[in-house]
């Protein structure tokens, strides 16, 4: 049997068909690459650099000990340092974070007052979140209220008497606002002399919430990182205020109130510490 010869026309048709098929295949493949290609992956945004720039001016307080003088003398040791507000939280600071100002006496540089314990805690929580998000504090740090021992330690600033400036009430006018000189109202923060750590209004102006539940102090002669009773009905506030006589502004003076109550001579100041450092 002889081999069939393909006519020139058939050769041309076959070549044309193959060329067209190859072209179509290339177009399909090329189109498939374009249309099916995933959009480029966006690199995650670089985290904001963290610096130590708290929204509230603070002073660093190193670990140490102080003497608490009540009916007895106790040595109180704090094993962990912290930062504490240079002055009481002002109305401007409070309103910038919480969007409202509950104070009876109005003024940006006045301490915020008519603040319940619960409102003070909410402020600390909100400020922590905001400062972390802004990269102003590390994520392992929080704002909170001081313990009673932390407050006393910072107040006395290494001293052992009733006040950070000595035992005599004759000097109180230079250091604190009380019923004797306040003209029956709060006054701008940081107007009186600071203590040795540069902290203002630890005595007087407004009383300050601390985190402790109210209860009798332990009787032991030495205490380490005390934080008060585990539960109770009232929270403690410290430091004296414009409404009361200067003698009530002693470092060991303490009053108490239910956490949901507020009055116009009680405010607060913040502590900034590592999350694991809650004495």
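One line per residue, one yes/no per condition, for (1) farther than 30 Å from residue 262 by Cβ; (2) within 14 Å of the chain's Cα centre (by Cα):
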site	(1), (2)
51	yes, no
54	no, yes
68	no, no
89	no, yes
92	no, no
114	no, no
117	no, no
120	no, yes
124	no, yes
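Would you mind finding the one in 204, 260 that is surrounded by fewer than 15 Cβ atoms within 10 Å (Cβ to Cβ) and in contact with a helix residue (DSSP H, G or I) (Cβ under 9 Å, 6 or more places away or on another chain)?
Testing whether each residue is surrounded by fewer than 15 Cβ atoms within 10 Å (Cβ to Cβ) and in contact with a helix residue (DSSP H, G or I) (Cβ under 9 Å, 6 or more places away or on another chain) leaves just 260.
Which members of the range 149-179 meet the condition of being more than 30 Å from residue 80 (Cα to Cα) and either under 29 Å from the mean Cα position of the chain (by Cα) or buried (at least 16 other Cβ atoms within 10 Å of the Cβ) (or both)?
If the condition is that a residue be more than 30 Å from residue 80 (Cα to Cα) and either under 29 Å from the mean Cα position of the chain (by Cα) or buried (at least 16 other Cβ atoms within 10 Å of the Cβ) (or both), then 169, 172, 177, 178, 179 are the ones that fit.
Among the residues of the range 142-166, write down those that are outside any loop (DSSP other than H, G, I, E, B) and in contact with a helix residue (DSSP H, G or I) (Cβ under 8 Å, 6 or more places away or on another chain).
Matches in the range 142-166: 142, 143, 144, 163.
Please work out if residue 211 is surrounded by 15 or more Cβ atoms within 10 Å (Cβ to Cβ) and touching a residue at least 60 places away in the same chain (Cβ under 8 Å).
yes
Among 224, 210, which is the only one that is modelled with pLDDT of 95 or more and over 20 Å from the mean Cα position of the chain (by Cα)?
Only one candidate passes the filter, namely 224.
Restricting attention to the range 175-225, which residues are touching a strand residue (DSSP E or B) at 6+ places or on another chain (Cβ under 8 Å) and over 17 Å from residue 253 (Cα atoms)?
Selection gives 186, 189, 197, 198, 199, 220, 221, 222, 223, 224, 225.
So how many residues does the range 233-250 have that are out of contact with any strand residue (DSSP E or B) (no Cβ under 6 Å at 6 or more places or on another chain) and surrounded by 18 or more Cβ atoms within 10 Å (Cβ to Cβ)?
So the count comes out to 9.
The values are calculated or read from the model by the stated rules, or taken from the named source; none is laboratory data. Remember, it's a predicted structure, so these values are computed and weren't measured experimentally. Positions of Cβ are backbone-derived with ideal geometry, glycine not excepted, and every protein chain shown enters the neighbour counts.
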